[in-house]
Amino acid sequence: MDRGTPIEDTVGALAELVAEGKILHIGLSEASPETIRRAHAVHPLAALQTEYSLWTRDVEDEILPLLRALGIGLVPYSPLGHGFLTGQLRSPADIPDGDWRKSNPRFVGEAFTQNLQVVDEVRAVGAEAEATPAQVALAWLLAQGTDIAPIPGTRRVSRVEENTAADAVVLTSDQIARLDRLTPAVGARHDDANMSTIDR
Ligand SMILES: NC(=O)c1ccc[n+]([C@@H]2O[C@H](COP(=O)([O-])OP(=O)(O)OC[C@H]3O[C@@H](n4cnc5c(N)ncnc54)[C@H](OP(=O)(O)O)[C@@H]3O)[C@@H](O)[C@H]2O)c1
C-alpha cells in the first residue's frame with residue numbers, strides 16, 4: 001500500500017490478518033489524532049508508537065488523553081532523546097561523523113549547548129535517586145502510567161541491562177515534579193523534511 005492509501009483500507013487489511021490468526025495486534029506509528037480515531041473505528045488498535053521523553057512531551061496535549069479514552073497503549077520511541085538524555089554527549093564533537101544526529105535541530109550549535117541544561121537536571125535527580133541519567137529518563141516515563149512501554153535503543157548488552165533496571169528505580173513525587181518542570185528542549189524534534197512525514 002502506498003502513502004496515499006486511506007487508513008481504513010490499511011487497517012482493514014490488517015484486520016483480515018488478525019481474523020486469520022496471522023497477527024495478534026494492530027498498532028500505528030506517528031499518527032495524528034484523526035488517523036488514530038479512523039483506524040480504531042475499523043479495528044481496535046493495541047498501541048501507538050510515537051516520540052515521548054523528558055524533552056519531547058507534545059503527546060501529552062491531545063494524543064495521550066485520546067489513547068487513554070480509547071484504551072490504546074503508548075510505546076514511546078527515542079525515550080532517551082536519541083542518547084542526549086543519558087549525559088554521554090557533552091558537545092557536538094562527541095557525535096561521530098556520518099551520524100544523522102549531526103543535523104538534528106536539537107544537536108547542533110547553540111541548541112546543543114542550551115539543551116545540556118536538561119540533561120544536567122536529569123543527572124542531578126539521578127544522583128539523588130542513585131540511578132543513571134538514562135534510568136531516570138526511563139523511570140519518569142514508566143511513572144506516567146502502566147499503559148506506557150518505552151523502547152530504548154542500544155547496541156550494547158551492558159546498556160540493555162542498565163536500561164532494564166530502570167524498572168526498579170522509584171522516583172519520589174518531588175523528583176517527578178522537578179522532572180515535569182524541566183527546561184523545554186531547544187530545537188524541533190526532527191528536521192523539516194522528517195517533520196512533514198509524521199503526525200499525519
Ligand atoms: N516509529 C518511529 O518512527 C521510530 C523513530 C525513531 C526510533 N524508533 C525506535 O525507537 C527505539 C529507540 O530509539 P532511538 O534509538 O532513536 O533513541 P533512544 O532510545 O532515545 O537513544 C538511543 C541512543 O542512546 C544510547 N544509549 C542507550 N542506552 C544508553 C545508556 N544506558 N547510556 C548511555 N547511552 C545509551 C544509544 O547508544 P549505543 O547504541 O551506543 O548504546 C543510542 O545512541 C528503536 O527501537 C527505534 O527503532 C522508532
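Derivation of every value follows stated rules applied to the coordinates shown; laboratory data play no part. Given the structure is predicted, the values throughout are model-derived calculations rather than measurements. Every residue, glycine as well, gets a Cβ built from its backbone with ideal geometry; the counts of neighbours run over all protein chains shown.
Close amide H contacts of Thr50 (hydrogens built in the peptide plane, cut-off under 5 Å, sequence separation of 5 or more or a different chain): Glu30, Val75, Tyr77. Using a simple spin-label model with pseudo-atoms 7 Å out from Cα toward Cβ, Asp120 and Thr146 lie 3.9 nm apart. Between the range 31-88 and the range 136-200, the C-alpha centres lie 12 angstrom from each other.
In this structure the amide hydrogen of Gly83, modeled in the peptide plane, comes within under 5 Å of no amide hydrogen from residues 5 or more places off or on another chain. Here the Karplus relation 6.51 cos²θ - 1.76 cosθ + 1.60, evaluated at θ = phi - 60°, turns the backbone of the range 61-77 into coupling constants of 5, 10, 5, 4, x, 5, 4, 5, 5, 8, x, 9, x, 10, 10, x, 8 Hz, with x for every Gly and Pro. Structure remark: mean-square fluctuation, Gaussian network model of the chain, C-alpha springs under 10 Å; the largest value among Glu16, Glu30, Glu162 belongs to Glu16. In the chain, helices alone account for a calculated mean residue ellipticity at 222 nm of -12000 deg cm²/dmol, with every DSSP H run of four or more residues adding -39,500 (n - 2.57).
Placing +1 on each Lys and Arg Cβ and -1 on each Asp and Glu Cβ, with no other charges, gives the chain a dipole about its Cα centre of roughly 220 debye. Our estimate of slack between Gln88 and Ser103, defined as 0.36 nm per intervening residue step minus the Cα-Cα distance, is 3.6 nm.
Report, in cubic angstrom per residue, the convex hull volume of the C-alpha atoms of the chain.
On the way: hull volume 28.5 nm³, N = 200.
Spelled out: Cα convex hull of the chain, divided by residues, is 142 Å³.
With the simple spin-label model, which puts each label point 7 Å out from Cα in the Cβ direction, the Arg68 to Arg181 separation comes to 2.2 nm. Which number do you get for Rg(Cα) / (2.2 N^0.38 Å) in the range 110-158? My calculation over the Cα atoms of the range 110-158 gives 1.30.
How much of the DSSP beta bridge set in the chain is antiparallel, as a percent to the nearest 5?
Working: 1 of 11 bridges.
In the chain, approximately 10 percent of DSSP beta bridges are antiparallel ones.
Comparing Ala166, Ala131, Ala177 in a Gaussian network model of the chain, where Cα atoms under 10 Å apart are tied by springs, the biggest mean-square fluctuation is seen for Ala177. Of all the options Pro105, Pro133, Pro96, the one that moves most in a Gaussian network model of the chain with Cα springs shorter than 10 angstrom is Pro96. DSSP finds beta bridges in the range 24-123, and of those with both partners inside it, around 10 percent are antiparallel. Phi angles across the range 51-58 convert, under the Karplus curve 6.51 cos²θ - 1.76 cosθ + 1.60 with θ = phi - 60°, into 3J(HN,Hα) values of 6, 7, 6, 4, 10, 9, 10, 3 Hz, Gly and Pro given as x.
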